[in-house]
Amino acid sequence: MKSQFQALLREAIVARRTGALSGSAVAGEHDVGLGQAQGKGFSWLLRRGELVSSEFAGSSALPAALLLLNAQTILKVRWFSMSEGAVGESAPLLPVRKILLLIDGPSNPVRVNEASTPPSAQDMASLQPLALEIFERFFGDEAPERVSRVVSSLGPEATSARLAQAYAKALEPLIGQSMARSYFQKFF
């Protein structure tokens, strides 16, 4: 069902549709054993393909949108078309390109010539671009500055493992500890 949710969302974005996506989903790993009746309800309101309102698992706005995009399982999903006049003018919660990036997942990390680079330098060379890509999803144009702040807070002697932990820590308020750590797991 998650792929159906993503397909409906992508179609609404591309066709610039106005309406509501609703259904139920399992928010995290601890809820995986729950049946369809125990899934948490969600609702997304789109105006001309832009997300203007979101509710899921007791959260609303941007936190709810991110939680649903990272949900373990989508149990059911429905699209309800609406007229543009039925949805008030609001600023989008997330830019369309960021939603599409979150649906499509991370692109391949930058490759380094492994024969000429020591392992620690290889990790750093692939960690920085990965961190920037992930931070762009959540922080937009502020991403380079936030990545720089994390690096400067640890100093030039930081290992890739410590840097990965610091990146994950910076994302925790938005997506939770387990999801944040999952992005950088290979560097721990």
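The values are calculated or read from the model by the stated rules, or taken from the named source; none is laboratory data. What you see is a predicted model, and the numbers here were worked out from it, not measured in a lab. All Cβ positions, glycine included, derive from the backbone under ideal geometry; neighbour counts span all protein chains shown. Note: areas computed on protein heavy atoms with side chains; ligands, DNA, RNA excluded. Shrake-Rupley method; radii C 1.70, N 1.55, O 1.52, S 1.80 Å.
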**Q.** Test: residue in segment 35-52 that is modelled with pLDDT of 85 or more, open to solvent by less than 20 Å² (accessible area, probe 1.4 Å), among the small types (Gly, Ala, Ser) and over 20 Å from residue 180 (Cα atoms)
**A.** yes
Q. Just checking, how many residues over segment 1-23 are outside any helix (DSSP H, G or I) and open to solvent by less than 10 Å² (accessible area, probe 1.4 Å)?
A. 2
Q) So which of 55, 89, 114 is more than 20 Å from residue 182 (Cβ to Cβ), at pLDDT below 80 and of a type outside the set (A, V, I, L, M)? A) 114
(Q) Restricting to segment 152-165, name every residue that is surrounded by fewer than 17 Cβ atoms within 10 Å (Cβ to Cβ) and of a type in the set (A, V, I, L, M). (A) 154, 161
Q. Mind checking which pairs have a first residue in segment 139-157 that is of a type in the set (S, T, N, Q) and a second that is surrounded by 10 or more Cβ atoms within 10 Å (Cβ to Cβ), Cβ under 8 Å, 6 or more apart or different chains?
A. 153/166
